[in-house]
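Chemist: Here you go, one structure.
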Amino acid sequence: MEFRYLGNSGFKISEIIFGNWLTHASQVENDIAAASVRAALDAGITTFDTADAYANTAAEVVLGDALKGERRASIEIFTKVYWPTGPRGHNDTGLSRKHILESIDGSLQRLGTDYVDLYQAHRYDVETPLEETMQAFADVVRAGKALYIGVSEWNAEQLRAGHALAKDLGIQLISNQPQYSLLWRVIEEEVVPASRELGISQIVWSPVAQGVLSGKYKPGAELPAGSRATDKKGGENTIKGFMRDEVLTAVQQLQPIADELDLTMAQLSLAWVLHNDNVAGAIVGASRPEQVTSNVAASGVKLDTDVVERIEAAVGAVAETDPAKTVSPTTRPA
């Protein structure tokens, strides 16, 4: 496993990060989830990402239980706040001071830790003044409940405003967590240049495009049994945007490139994401422990310029690149 600095800080994370969105406490049984966390630790992953909204807080409980007994200083735990939790009351959502300060205490209790290494705004809250949000985050850091602050899916303008306030308040906003893959490249035009300017790293989710870049979905073919595309608990909704024949056909052109490098298509896709020097880590999930072990093999893979060009030729035409697709809800969800 290789490690990278997160933003303009001295804080290092594993470049492959274990995440439990759509898995823990929702799509897989707790014993399998715990085995997947153990596989991640055995493979050298030290960084774990979750959120209070995943499985309506239950995912944090599963992750906390799975990490019991680990030396706290040797692992990095990330969580997030914004989406509705609990009974979804009028203050059970957003980035108000009330919700942030109550949510961090709930997350720490569920995770079984005194602090999280990174506390992230899961989206931008258009209904709360940014000054209020950043002051609440500053208070969380000063209370020792989080070491650093990050955000998720903020656009370039929001990143600049949040970073300026964080600097004034004496805290470090060091990361953004966007969707990023060979098929979803909307951060490249605006978010990445702004982040480089500000000293903010990307922690990317869905680097294998919900499994589409693994190559298991063939154009015109029957969907594999037990795959995310057949999951009625939420998986099929998250993947349907990529399940077009022109996309699936283009993805199959990655197979010979992966074969030449002795990589799986998923490993190739992860290596491509990590080739971007603004990416500090790629989040991978798992419904089986062996998936974690396989994904970790992408760490440290270096792609030559000609390989990157061949990958671009294969799938560049079907990738989404519109920077306007980096959006947060126009009203606070409830």
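The values are calculated or read from the model by the stated rules, or taken from the named source; none is laboratory data. This one's a predicted model, so the numbers in the text were calculated from it and none came from an experiment. When we count neighbours, we look across all protein chains shown, and the Cβ atoms used for this are built from the backbone with ideal geometry, even at glycine. Accessible surface areas use protein heavy atoms only, side chains included; no ligands, DNA or RNA. Shrake-Rupley method; radii C 1.70, N 1.55, O 1.52, S 1.80 Å.
Chemist: At least 2 residues that are under 22 Å from the mean Cα position of the chain (by Cα) in each: list the helices (runs of 4 or more DSSP H) lying fully within the stretch 253-334 that qualify.
Modeler: Of the helices (runs of 4 or more DSSP H) lying wholly inside the stretch 253-334, those with at least 2 residues that are under 22 Å from the mean Cα position of the chain (by Cα) span 265-274, 289-296.
Chemist: Please go through (1) among the hydrophobic types (A, V, I, L, M, F, W, C); (2) in contact (Cβ under 8 Å) with a residue 60 or more places away in the chain; (3) surrounded by fewer than 22 Cβ atoms within 10 Å (Cβ to Cβ) for V141 and return the number of the only condition it doesn't satisfy.
Modeler: (2)
Chemist: So how many residues does the stretch 299-314 have that are in contact with a Phe, Trp or Tyr (Cβ under 9 Å, 6 or more places away or on another chain) and closer than 19 Å to Q210 by Cβ?
Modeler: Adding up the residues that qualify gives 1.
Chemist: Among the listed residues L254, L198, L261, which satisfies the condition of being modelled with pLDDT of 95 or more and in contact with a His (Cβ under 6 Å, 6 or more places away or on another chain)?
Modeler: Going through L254, L198, L261 in turn, the sole match is L198.
Chemist: Could you list, in sequence order, all residues of the stretch 67-84 that are surrounded by fewer than 23 Cβ atoms within 10 Å (Cβ to Cβ) and either closer than 19 Å to E132 by Cβ or out of contact with any Gly (no Cβ under 9 Å at 6 or more places or on another chain) (or both)?
Modeler: G69, E70, R71, R72, A73, S74, I75, W83, P84
Chemist: Which of the residues that make up the stretch 292-307 are of a type in the set (A, V, I, L, M) and open to solvent by less than 30 Å² (accessible area, probe 1.4 Å)?
Modeler: V292, V296, A298, L303, V307
Chemist: Pick from V140, V186, V212, V204: which is in a helix (DSSP H, G or I) and closer than 30 Å to A313 by Cβ?
Modeler: Sole residue among the options that is in a helix (DSSP H, G or I) and closer than 30 Å to A313 by Cβ: V212.
Chemist: When you go through I174, I203 one by one, which is the residue that is surrounded by 21 or more Cβ atoms within 10 Å (Cβ to Cβ), touching a strand residue (DSSP E or B) at 6+ places or on another chain (Cβ under 9 Å), closer than 24 Å to L268 by Cβ and touching a residue at least 40 places away in the same chain (Cβ under 8 Å)?
Modeler: Answer to the selection: I203.
Chemist: Within the stretch 100-113, can one find any residue that is without any contact (Cβ under 8 Å) to a residue 40 or more places away in the chain, touching a Lys or Arg at 6+ places or on another chain (Cβ under 7 Å), open to solvent by 10 Å² or more (accessible area, probe 1.4 Å) and at negative phi?
Modeler: For the stretch 100-113, residues without any contact (Cβ under 8 Å) to a residue 40 or more places away in the chain, touching a Lys or Arg at 6+ places or on another chain (Cβ under 7 Å), open to solvent by 10 Å² or more (accessible area, probe 1.4 Å) and at negative phi: present.
Chemist: Regarding G94, is this residue in a loop (DSSP other than H, G, I, E, B) and open to solvent by 20 Å² or more (accessible area, probe 1.4 Å)?
Modeler: no
Chemist: Filter the stretch 144-153 for residues that are out of contact with any Pro (no Cβ under 8 Å at 6 or more places or on another chain) and buried (at least 17 other Cβ atoms within 10 Å of the Cβ); which is nearest to D114 (Cα to Cα)?
Modeler: Per the criteria, the residue is K145.
Chemist: From F11, F18, F3, F78, which residue is touching a helix residue (DSSP H, G or I) at 6+ places or on another chain (Cβ under 7 Å) and among the aromatic types (F, W, Y)?
Modeler: Of F11, F18, F3, F78, the one residue that is touching a helix residue (DSSP H, G or I) at 6+ places or on another chain (Cβ under 7 Å) and among the aromatic types (F, W, Y) is F18.
Chemist: Which condition breaks for R97 when tested against (1) of a type outside the set (S, T, Y); (2) out of contact with any Phe, Trp or Tyr (no Cβ under 8 Å at 6 or more places or on another chain); (3) within 26 Å of L67 (Cβ to Cβ)?
Modeler: Among (1) of a type outside the set (S, T, Y); (2) out of contact with any Phe, Trp or Tyr (no Cβ under 8 Å at 6 or more places or on another chain); (3) within 26 Å of L67 (Cβ to Cβ), the lone unmet condition for R97 is (3).
Chemist: Can you tell which of S107, S36 is part of a helix (DSSP H, G or I) and under 23 Å from R142 (Cβ atoms)?
Modeler: Of S107, S36, the one residue that is part of a helix (DSSP H, G or I) and under 23 Å from R142 (Cβ atoms) is S107.
Chemist: Counting only residues that are at pLDDT 95 or above, of a type in the set (G, A, S) and open to solvent by 70 Å² or more (accessible area, probe 1.4 Å), how many does the stretch 308-334 have?
Modeler: 2
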